[in-house]
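Novice: Have a look at this one before I ask anything.
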Amino acid sequence: MKAHRLAAGVHGAGEPVVLLHGTPSSSLIWRNVGPRLVESGAKIHVFDLLGFGLSERPLSAEVDTSISGQVAILEEMLAHWGLDRFHLVAHDIGGRIAQRFGVFHPERLKSLTMIGVVSFDSYPSQRTRKQMEQ
């Protein structure tokens, strides 16, 4: 996989928690949740999905930014952070990524929390497809 620039951050110390955002958003959605988790003893890991937030927006149609493609990117971020087992919290399409990851790697999850996630076949909507083309 070609390397792409991803915006990411790690905050706190303690129990590892990965936060996945949805669309059309970024890891900024966790700005009020993250500090509370850190205060409670968590070490949070956040990143902007490829094509979102401050991460690179690849112009080539060859670049896989699908749910499956984002799972592979999540796996690369976990390797980068050295996380084997962790808590995963996901919102919106982040939930689809989390579900796919959990199906293939249930042994790596200490817990899975999903908030307002999209259903299996609802992403991307026609409107989101048009926005992604811009």
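Novice: Looking at Ser66 and the list (1) in contact (Cβ under 8 Å) with a residue 12 or more places away in the chain; (2) hydroxyl-bearing (Ser, Thr, Tyr); (3) farther than 20 Å from Gly82 by Cβ, which single condition is not satisfied?
Specialist: Among (1) in contact (Cβ under 8 Å) with a residue 12 or more places away in the chain; (2) hydroxyl-bearing (Ser, Thr, Tyr); (3) farther than 20 Å from Gly82 by Cβ, the lone unmet condition for Ser66 is (1).
Novice: Out of (1) at pLDDT below 95; (2) part of a helix (DSSP H, G or I); (3) over 13 Å from the mean Cα position of the chain (by Cα), what's the single condition that is false for Glu107?
Specialist: The number of the failed condition is (1).
Novice: Restricting attention to segment 47-83, and to residues there that are out of contact with any Phe, Trp or Tyr (no Cβ under 6 Å at 6 or more places or on another chain) and among the β-branched types (Val, Ile, Thr), which single residue is surrounded by the fewest Cβ atoms within 10 Å (Cβ to Cβ)?
Specialist: So, considering only residues that are out of contact with any Phe, Trp or Tyr (no Cβ under 6 Å at 6 or more places or on another chain) and among the β-branched types (Val, Ile, Thr), the one surrounded by the fewest Cβ atoms within 10 Å (Cβ to Cβ) is Val63.
Novice: Sticking with this one: Quick one: in segment 1-34, of everything that is over 21 Å from His80 (Cα atoms) and in contact (Cβ under 8 Å) with a residue 12 or more places away in the chain, which residue is surrounded by the most Cβ atoms within 10 Å (Cβ to Cβ)? Spell out the reasoning first.
Specialist: Start the filter on segment 1-34 by keeping residues that are over 21 Å from His80 (Cα atoms), which leaves 22-25, 29, 31-33.
Subset that is in contact (Cβ under 8 Å) with a residue 12 or more places away in the chain: 22-25, 29, 33.
Details: Gly22: 22, Thr23: 19, Pro24: 13, Ser25: 17, Ile29: 18, Val33: 16.
Across segment 1-34, the extreme among qualifying residues is Gly22.
Novice: Of these, Gly41, Gly116, which one is out of contact with any Lys or Arg (no Cβ under 9 Å at 6 or more places or on another chain) and modelled with pLDDT of 95 or more?
Specialist: Values: Gly116 fails: modelled with pLDDT of 95 or more.
Of Gly41, Gly116, the one residue that is out of contact with any Lys or Arg (no Cβ under 9 Å at 6 or more places or on another chain) and modelled with pLDDT of 95 or more is Gly41.
Novice: Please specify each residue of segment 40-84 satisfying the condition of being among the charged types (D, E, K, R) and in contact with a strand residue (DSSP E or B) (Cβ under 8 Å, 6 or more places away or on another chain).
Specialist: So the first thing to find is which residues in segment 40-84 are among the charged types (D, E, K, R), and the list is 43, 48, 56-57, 62, 64, 75-76, 84.
Passing the criteria: Lys43, Asp48.
Novice: Please give the strands (runs of 3 or more DSSP E) falling wholly within segment 1-86 in which 3 or more residues are within 24 Å of Val103 (Cβ to Cβ).
Specialist: Working: elements: 8-12, 15-20, 42-47.
Here the list reads 15-20, 42-47.
The values are calculated or read from the model by the stated rules, or taken from the named source; none is laboratory data. Note that this is a predicted model, so its numbers are computed, not measured. Positions of Cβ are generated from backbone atoms using ideal geometry, with glycine treated the same way; all protein chains shown enter the neighbour counts.
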